[in-house]
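Note sheet for the following structure.
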Amino acid sequence: MAASIVRILVLVSALMALGAPARAEAISLEVHSSSVERDKVTNEMAVTIELSAEAKTAFENFTERNVGRSIEIRLGTTLLLKARLVEKISGGIIRASTKFSEDEARKVAAQLKRGTLITLQDADT
């Protein structure tokens, strides 16, 4: 009898795990423009990405759903930024101020032309 109950509990747990939605999420967003500048506080090079009008809403919704989680922003296979979202981000402006050299920052910005797609993904999975 006890063995039957244990088997049923294991089966129920397995079925619940199968029905649980995966947390991993990724979206592609269209770039409107990009620029390079030196951060006035950290003195590091920064790439600023402005998203297209359509992508701004998707970006805001994505950040709202993923508050408290780490995300990655990629251009192809190149990691532009990894950050923990502490709040929803509105406005469609992304500022990547990681350890880019000036040359690297300019190369990344040159690739981020109007119409280029960047990928945002949940990095906590």
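How big is D, in µm² s⁻¹, for the stretch 24-122 by Stokes-Einstein at 37 °C and 0.692 mPa s if Rh is the Kirkwood radius over C-alpha pairs?
Working: Rh = 13.5 Å.
Answer, rounded: 244 µm²/s.
Using r as the Cβ-Cβ distance of residue 35 and residue 83, and R0 as 25 Å, what FRET efficiency do you calculate, to the nearest 0.05? Walk me through the numbers before you get to the answer.
On the way: r = 19 Å, r/R0 = 0.77.
The calculated FRET efficiency here is 0.85.
Just grab the label-to-label distance for residue 27 and residue 61, each label 7 Å out from Cα along the Cβ direction, in nm (one decimal).
Result: 0.6 nm between the two label points.
Can you give the charge dipole size of the stretch 24-122 about its Cα centre, rounded to the nearest 20 debye, using +1 on the beta carbon of Lys and Arg and -1 on the beta carbon of Asp and Glu? Before the final figure, lay out the partial values.
Numbers: 15 positive and 15 negative charges, 21 e Å.
Computed charge dipole of the stretch 24-122: roughly 100 debye.
Could you check the spin-label model distance between residue 48 and residue 93? Points 7 Å from the Cα along Cα→Cβ, value in nm.
Once both label points are built, they end up 0.5 nm from each other.
Given the stretch 24-122, what percent of its DSSP beta bridges are antiparallel, to the nearest 5? Don't skip to the answer; put the middle values down first.
Values: 27 of 27 bridges.
Of those bridges, close to 100 percent are antiparallel.
Just so you know, all these numbers are worked out from the coordinates, no wet-lab data involved. Computed from a prediction, not measured in an experiment: that's the story for all the values here. Every residue, glycine among them, receives a Cβ derived from its backbone with ideal geometry; neighbour counts consider all protein chains shown.
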